[in-house]
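**Q** Sharing a structure, written as structure tokens. Questions coming.
The values are calculated or read from the model by the stated rules, or taken from the named source; none is laboratory data. For clarity, every value in this text was computed on a predicted model and none was experimentally measured. A quick note on method: Cβ atoms are made from the backbone with ideal geometry, for glycine too, and the neighbour counts reach across all protein chains shown. Ligands, DNA and RNA are stripped out before the accessible areas are found, and what is left, the full protein with its side chains, is counted by its heavy atoms. Shrake-Rupley method; radii C 1.70, N 1.55, O 1.52, S 1.80 Å.
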Amino acid sequence: MGMSGMLPKSSLTTLKKLKGGKFDTVFLQSMIAHHEGALEMVALLDGTKNSEAKKIALDIQKGQSSEIALMKNLLAKSK
């Protein structure tokens, strides 16, 4: 099963070859997509009755959302 936000090996290989600002930009774009994939996954727990799963989902949602905002800010500054 493919997961949203996961880079294929070919993209990781390309990323490893990049340097400097180009690396930073592609890395941040990739991590934003990765974190957004995590948010899609935790949204699937909306209807769960498991209180522990709900807490984990909320923690992930808060943390990943905050990190996405930070990374988008870094990208905006680099332009």
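**Q** Consider Lys62 carefully, then state whether it is at pLDDT 95 or above and closer than 23 Å to Leu7 by Cβ.
**A** When the stated conditions are applied, Lys62 does not pass them.
**Q** Also: Among the candidates Leu58, Leu28, which residue alone is part of a helix (DSSP H, G or I) and under 24 Å from Lys9 (Cβ atoms)? Steps first, answer last, please.
**A** Details: Leu58 fails: under 24 Å from Lys9 (Cβ atoms).
Exactly one of Leu58, Leu28 is part of a helix (DSSP H, G or I) and under 24 Å from Lys9 (Cβ atoms), namely Leu28.
**Q** Restricting to region 15-38, what's the tally of residues that are surrounded by 14 or more Cβ atoms within 10 Å (Cβ to Cβ) and over 23 Å from Lys77 (Cβ atoms)?
**A** Adding up the residues that qualify gives 2.
**Q** Given the criterion part of a helix (DSSP H, G or I) and open to solvent by less than 80 Å² (accessible area, probe 1.4 Å), identify the matching residue among Leu45, Leu12, Leu70.
**A** Leu12
**Q** Of all residues in region 61-75, count the ones that are under 11 Å from Gln29 (Cα atoms) and without any contact (Cβ under 8 Å) to a residue 40 or more places away in the chain. Break it down stepwise before answering.
**A** Keep residues of region 61-75 that are under 11 Å from Gln29 (Cα atoms), which gives 68, 71-72, 74-75.
Add one more test, that the residue is without any contact (Cβ under 8 Å) to a residue 40 or more places away in the chain, and what stays is 68.
Selection size over region 61-75: 1.
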